[in-house]
Amino acid sequence: MDIEKSILEAIRLAETTIPEDVYKHLKMAYSMEENEISKSQLQSILDNVEYAREKQLPICQDTGTQTFFVDVGFDFPFKKELVNSIVNAVSKATQNYYIRPNAVDPFSGKNPGNNVGRFIPYINWFLRDGDDATINVLPKGGGSENASALAMLKPGEGIKGIKKFVIDQLVRAGANPCPPTIIGLGIGGGSDLSLIIAKRALLRPLGQRHEEKRIADLELELLDLANKTGVGTMGWGGKVSVLDVHIEYAYRHPASLPVGMVIQCWADRRSKVHIDSKGNVEVVQ
């Protein structure tokens, strides 16, 4: 078992090859688009994806902030190894030029050169039953991250208020997050939790609906509304502004309705490492 080496490979895979579900949705968008400028942009995106895969080069020059969602069983025997393995893998990925040095001190702007600093790489922990662990790798680009938003709605605004917030923010963001995008939406919890579960929702494959029908229906309704905004690929207008909408929710305080919105660019990069209780490791996308 070599957890560090496997995480390093997962980072390389995420940076150079988008998941098949994303590629499929980009091709679907190309087949649907009628705006010639947007269609040519989608063709360039598809060409870029294929070239990056063939040459094993980063899909985008912005290789993102290295973010991890770790689902770990209570009885998983290698918890101690996980943190150091993730941090070391990020540093080595920078040395190997899989990722550029993106992490800087927020006050001085000083760059340590290895994507390792205070709270970075950021690791989200989720404990559950079981004796295995899954490490989800989510490189998050700066342009799309800048389009993230938090709304602390009044409970009385309800679903109508949620829809208005999402569409208003999408239009306000325009071309900045490099559409067609994927929207992660976290409803409920608190201000912090809503954004965490919104980002976690981005881990779900495109086209996979929430297990609860009421949430799945809202995802589809928001997807339809988003693609009626006319933002289009790279802001050039057209039929496809968003590839999918994924929603997660948490119970909230009666006096508060937090809504966290995290936008992912078309380069929806992700991969994961699964480790069983015996130390067998599998890297998948």
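Here is a yes/no grid of residues against (1) of a type in the set (A, V, I, L, M); (2) closer than 28 Å to K55 by Cβ; (3) more than 17 Å from the chain's Cα centre (by Cα):
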position: A103; (1), (2), (3): yes, yes, yes
position: P106; (1), (2), (3): no, no, yes
position: G109; (1), (2), (3): no, no, yes
position: G142; (1), (2), (3): no, yes, no
position: A147; (1), (2), (3): yes, no, no
position: F165; (1), (2), (3): no, no, yes
position: G174; (1), (2), (3): no, no, yes
Flag for L127 being within 15 Å of E219 (Cα to Cα) and hydrophobic (A, V, I, L, M, F, W, C): no
Residue ID - nearest to P205 (Cα to Cα), chosen from residues in the range 12-33 that are of a type in the set (D, E, K, R) and part of a helix (DSSP H, G or I): D21
The range 262-285, residues that are of a type in the set (A, V, I, L, M) and more than 13 Å from G64 (Cα to Cα): V262, I263, V273, I275, V281, V283, V284
R200 surrounded by fewer than 18 Cβ atoms within 10 Å (Cβ to Cβ) and not aliphatic (A, V, I, L, M): no
Pick from the range 34-48, criterion touching a residue at least 40 places away in the same chain (Cβ under 8 Å) and surrounded by 12 or more Cβ atoms within 10 Å (Cβ to Cβ), ranking: nearest to the chain's Cα centre (by Cα): I45
Restricting the range 102-153 to residues that are of a type in the set (V, I, T) and outside any strand (DSSP E or B), the residue that is nearest to I11 (Cα to Cα): V116
Hits in the range 14-33 - residues which are touching a residue at least 40 places away in the same chain (Cβ under 8 Å), of a type outside the set (D, E) and within 17 Å of P179 (Cβ to Cβ): I18, V22, H25, L26, A29, M32
When residues of the range 221-231 are limited to those that are touching a residue at least 12 places away in the same chain (Cβ under 8 Å) and surrounded by fewer than 19 Cβ atoms within 10 Å (Cβ to Cβ), the one farthest from V70 (Cα to Cα): T229
Residue check, I187 at pLDDT 95 or above, under 24 Å from E157 (Cα atoms) and in a helix (DSSP H, G or I): no
Filter result for the condition that a residue is surrounded by fewer than 24 Cβ atoms within 10 Å (Cβ to Cβ) and among the small types (G, A, S), over S241, S277: S277
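The values are calculated or read from the model by the stated rules, or taken from the named source; none is laboratory data. All values derive from a computational prediction rather than experimental measurement. Every residue, glycine as well, gets a Cβ built from its backbone with ideal geometry; the counts of neighbours run over all protein chains shown.
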